[in-house]
Amino acid sequence: MMKPTILILCTGNSSRSHLAEGILKRALGDGYDVQSAGSKPAGYVHPLAVKVMGEIGLDITEHRSKHLDEFLKQDVETVVTVCGNADQACPTFPGQVNRYHWGFDDPAHATGSEEEKLAVFRRVRDEIKRVFEAYAAGRLNEAKRKNLMSTKTEMNPESVREKVRAGYAEIAQNGSERRKSSCCCGMSEVDADALAKQIGYSEKELAALPEGANIGLSCGNPGAIAALKPGEVLLDLGSGAGFDAFIAAPKVGPSGRVIGVDMTSEMLAKARKNIAAFRERTGLANVEFRLGEIEHLPVADASVDVVISNCVINLSPDKAQVWREIARVLKPGGRMAVSDLALLKPLPGTVVGMVEALVGCIAGAQLVSETERMATEAGLTGIQLKPKAGYVAAMTDWKDPLYQKIIAHLPKGSGPEDYITSLEISAVKPGGACCGDSCCK
């Protein structure tokens, strides 16, 4: 199998791109082909770049300054640009190339004594080291996760969907019989209203819901993050019994619209049944629910202002596709607000393999850095990630059975909060009225 090629571009290809090339090669190891090039190569590798790399044990004396043209006919998987001018060269690559732009100061422009110039090279080297080592850690962790999934034949994507579908069908069928229900993180006896209040929903919002809409599946409050406005079209991924959809509907008002999508027919039936009670209480007829998978949304391109999701994306076996779908359906300048479970560091394999953990959102959760990478690759900008510790603490305090089982499989002296966090994620789709790297409506 050919190694994935990661190409680092900088206009002159004399310093920044070579610093990044050397650092990323060491961080990723032999499984990747890391190269650098320039649109106007300088023809040499800056001697101060060679010197500061030697200080951290990296020998780049054999590096040469290469031209971008050398790679245009190659199968390049990822392009990373490290200066503004090189960023303009990205579109010359055909096909589905992953693109990142992480800009750094050009140390070759430093002035003063050699020691002063060296200080600038060291600063830029250390900045590049932090960024590219974090990127490498995300790539390697994702590769490990994929290897683990491939060794478990029962964990192919469709098997994952069926397990999740079955788990949530059971929740839909049983949740209406009691206010205590299965929460997102397992088949627990957590009070649904108490959990909702713990993570930021008001008593007024909960009191206005149709009976049975809140079945305790939340790990955050995405509607609050989204700052909804009257007249907006909102899409709720994994809408369940309609909890967030019904809370959002009064905020977008009669001129707005809320679309919920869920792949579980039992949940969909429950949500649709709740529409009549909601209409009677509020006088609003602006909510609908559609059957579908969040990897293949039954929604037109560029048709919604806001996408929200609450503790659902972590259940998908193809999260990158979910992020691409979010970008597809958003209008230019549209925004997304997601509450999800994420990992601060990889879980032990014994926890990843637990079916209960999968249905409870834990085993499928991604590292925070991976979540950011997938959102970026989907084309979203202005990405903000805010870990929220309160949800995990609440589950631990309430002795959630799934958490207790997870704790039993964790290394001695560690707890769920060392691995798992509730994460608020917000981003926008470029193309609105703003200019530059971030766009708005």
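Worth pointing out:
- Hits in the stretch 225-277 - residues which are among the polar types (S, T, N, Q) and not in a helix (DSSP H, G or I): SER239, SER255, THR264
- Test: residue in the stretch 297-319 that is under 22 Å from GLY431 (Cβ atoms) and open to solvent by 50 Å² or more (accessible area, probe 1.4 Å): yes
- Pairs, first under 12 Å from ALA137 (Cα atoms) and touching a residue at least 24 places away in the same chain (Cβ under 8 Å) in the stretch 367-384, second open to solvent by 10 Å² or more (accessible area, probe 1.4 Å) and among the charged types (D, E, K, R), C-beta under 6 Å, six or more apart: GLU370/GLU142
- The residues of the stretch 257-272 that are under 27 Å from the mean Cα position of the chain (by Cα) and open to solvent by less than 60 Å² (accessible area, probe 1.4 Å), listed by number, are VAL258, ILE259, GLY260, VAL261, ASP262, MET263, THR264, MET267, LEU268, ALA271.
- For the stretch 109-122, the set of residues classified as under 20 Å from SER36 (Cα atoms) and surrounded by fewer than 18 Cβ atoms within 10 Å (Cβ to Cβ) consists of HIS109, ARG122, listed by residue number.
- A single entry from PRO430, PRO411, PRO401 fulfils the requirement of being at pLDDT 75 or above and surrounded by 14 or more Cβ atoms within 10 Å (Cβ to Cβ): PRO430.
- Which numbered condition MET395 fails, given (1) open to solvent by less than 20 Å² (accessible area, probe 1.4 Å); (2) at pLDDT below 85; (3) closer than 22 Å to VAL307 by Cα: (3)
- Qualifying residue in the stretch 34-52 (condition: touching a residue at least 12 places away in the same chain (Cβ under 8 Å), part of a helix (DSSP H, G or I) and closer than 24 Å to LYS3 by Cβ): no
- You will find that of VAL322, VAL338, the residue that is closer than 24 Å to SER265 by Cα, in a strand (DSSP E or B) and within 12 Å of the chain's Cα centre (by Cα) is VAL338 and no other.
The values are calculated or read from the model by the stated rules, or taken from the named source; none is laboratory data. In this text the structure is predicted, and so the values were computed from the model without any measurement. Every residue, glycine among them, receives a Cβ derived from its backbone with ideal geometry; neighbour counts consider all protein chains shown. For the accessible areas, the whole protein counts, side chains as well, though only heavy atoms, and no ligand, DNA or RNA atoms are used. Shrake-Rupley method; radii C 1.70, N 1.55, O 1.52, S 1.80 Å.
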